[in-house]
């Protein structure tokens, strides 16, 4: 666990050293703030003290931002050869992957933390459903975990950052849009199956304030599966042909 | 800590990069790994350091096998990879702390070890710079520092002196020799003088196979059984007579006059003390004066070329 922490510390620091972290936080807050307060179905337009507009826009910003965060995490190590340093240190592939996962999650958590003033401001305006807000944040974290898992897997199979970025967006599109579309166009078991796979359904129910164990299992298993695949890709070198 | 490599094979597709090699390295031994490019040196090192799995065979580091206990093996190895990959965006000190933590150096000792390494490798002036801003020589020092940070029992250095200036090369060689007294060191290089200067034992590898194994002296002796003598003979009537008389000796193969040296000859002969005695006796009987007789060493370069060209 110590080693996981060490790796995540370095990764997080490199986010802040390379400006990625600042850009992420500023654009994330700017974009979601714009739609929460100023434009479209914003708080004043809806006339309710709710963070719903914030969550629905943050949902899409994270969808684009997380692949941008994770794309270089493993592919860059492969490209520069530093992966050789890591592989020859006494750490397991799981520790390596988990460390990187944790670093991305920490950065997202920091970005979400900076959005708390929005919550407090809305709270000042009118009666707010606190439960729904906290569930919304919880849903964001869960969704981020799933997307980071996918992103790390994409980053592990290539040494090209752009390929990793596009691949994780591509996989993400399936979970966010395509499965949903398929669920609507099929009926019966197939429809239910796609409806279960659709990320927006699970996210929707959590952000409405209903935390169901099925949704939890859904997000955590995508995250786990992504990390598992990433770890397997890295361990492939140990297979004796 | 002892390293035992047994029947190691690594295949890339149908090509055998390492072909069934076995050798041992004892504690306190500095082993030089020599070979032309693509001979399999780096592959062997990558297998020992658990970076890649062998296709066949095993390596025991101390009591641990690379296949069964890679964690334990890695703890005891300090490794400087071939191209010395480093995190460009990290400052030197921060990087060394990071590696120390990964290597499991106890927290309270990390600072101490980092400072020690910085002093040992002469990085003091550059320690706050980012690694990406360093020159190649300094990057190489950072690579060495990270390899030694956890005071490993075994050091595996893939071309440790590339990119260093002559002064640094001498320093690093001295350092390797010092470390080699108590630790096991394997280093690869294709600079032959480096092997002679630093290694107790040489392993020449070609096409994935070991073609020679032994100390520099042993290798030189094995090389042919012939030796070169440089002699100078004064008071002889003329060179032709000297050459023909020398050629008559049983063990002498070839005699050439040396242009730069007056009355000097290069004698190619069977290696033995008898040959030298015979030359001496010949000179005495002819009343020539032997002013110089020096055995010229067979160069390691010659042995290397002979073993590695087909």
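Here residue A:58 meets the list (1) out of contact with any helix residue (DSSP H, G or I) (no Cβ under 6 Å at 6 or more places or on another chain); (2) at negative phi almost entirely, failing just condition (1). Considering segment B:29-49, the residues that are touching a helix residue (DSSP H, G or I) at 6+ places or on another chain (Cβ under 6 Å) and under 17 Å from residue B:2 (Cβ atoms) include one that is modelled with the lowest pLDDT, namely B:33.
For segment A:30-49, residues that are in contact (Cβ under 8 Å) with a residue 24 or more places away in the chain and surrounded by 19 or more Cβ atoms within 10 Å (Cβ to Cβ) total 3. Evaluate segment A:61-81: report whether one residue or more is surrounded by 17 or more Cβ atoms within 10 Å (Cβ to Cβ), without any contact (Cβ under 8 Å) to a residue 12 or more places away in the chain, in contact with a helix residue (DSSP H, G or I) (Cβ under 8 Å, 6 or more places away or on another chain) and within 11 Å of chain B (Cβ to nearest Cβ). The answer is yes, given that some residue of segment A:61-81 is surrounded by 17 or more Cβ atoms within 10 Å (Cβ to Cβ), without any contact (Cβ under 8 Å) to a residue 12 or more places away in the chain, in contact with a helix residue (DSSP H, G or I) (Cβ under 8 Å, 6 or more places away or on another chain) and within 11 Å of chain B (Cβ to nearest Cβ). Tallying residues that are in contact with a helix residue (DSSP H, G or I) (Cβ under 7 Å, 6 or more places away or on another chain), in contact (Cβ under 8 Å) with a residue 24 or more places away in the chain, over 26 Å from residue B:45 (Cα atoms) and outside any loop (DSSP other than H, G, I, E, B) within segment B:121-144 yields 1.
Here is the figure for segment B:20-70: residues that are away from chain A (no Cβ under 12 Å), part of a loop (DSSP other than H, G, I, E, B) and surrounded by fewer than 20 Cβ atoms within 10 Å (Cβ to Cβ) total 9. Is there a residue being under 21 Å from the mean Cα position of the chain (by Cα) and buried (at least 16 other Cβ atoms within 10 Å of the Cβ) anywhere in segment B:100-113? No, because not a single residue in segment B:100-113 is under 21 Å from the mean Cα position of the chain (by Cα) and buried (at least 16 other Cβ atoms within 10 Å of the Cβ).
With respect to the stated conditions, residue A:209 is in contact (Cβ under 8 Å) with a residue 60 or more places away in the chain and at positive phi. Any residue at all in segment A:169-192 that is out of contact with any strand residue (DSSP E or B) (no Cβ under 8 Å at 6 or more places or on another chain), free of Cβ contacts under 8 Å to residues at least 40 places away in the same chain and within 14 Å of residue A:70 (Cβ to Cβ)? Scanning segment A:169-192 turns up at least one residue that is out of contact with any strand residue (DSSP E or B) (no Cβ under 8 Å at 6 or more places or on another chain), free of Cβ contacts under 8 Å to residues at least 40 places away in the same chain and within 14 Å of residue A:70 (Cβ to Cβ). The single condition among (1) without any contact (Cβ under 8 Å) to a residue 60 or more places away in the chain; (2) more than 14 Å from chain B (Cβ to nearest Cβ); (3) crowded, with 22+ Cβ neighbours inside 10 Å; (4) closer than 18 Å to residue A:229 by Cβ that residue A:108 does not meet is (4).
Scan segment B:79-93 residue by residue and report those that are surrounded by 19 or more Cβ atoms within 10 Å (Cβ to Cβ) and facing another protein chain (nearest Cβ under 9 Å).
Step one: list which residues in segment B:79-93 are surrounded by 19 or more Cβ atoms within 10 Å (Cβ to Cβ), which gives B:79-81, B:84, B:86-87, B:90, B:92.
Hits for segment B:79-93 are B:79, B:81, B:84, B:86, B:87, B:90.
So, of the residues in segment B:145-156 that are under 18 Å from residue B:44 (Cα atoms) and in contact with a helix residue (DSSP H, G or I) (Cβ under 7 Å, 6 or more places away or on another chain), which turns out to be farthest from the other protein chains (Cβ to nearest Cβ)? Break it down into steps so the answer makes sense when it comes.
So the first thing to find is which residues in segment B:145-156 are under 18 Å from residue B:44 (Cα atoms), and the list is B:147, B:154-156.
From what is left, the residues that are in contact with a helix residue (DSSP H, G or I) (Cβ under 7 Å, 6 or more places away or on another chain) are B:155-156.
Working: B:155: 12, B:156: 9 Å.
Residue satisfying both the conditions and the ranking: B:155.
Consider residue A:55 carefully, then state whether it is within 13 Å of another protein chain (Cβ to nearest Cβ) and either part of a loop (DSSP other than H, G, I, E, B) or within 16 Å of the chain's Cα centre (by Cα) (or both). The answer is no for residue A:55.
The values are calculated or read from the model by the stated rules, or taken from the named source; none is laboratory data. Predicted, not measured: the structure shown is a model, and the values here were computed from it. Backbone-built Cβ (ideal geometry, glycine too); neighbour counts: all protein chains shown.
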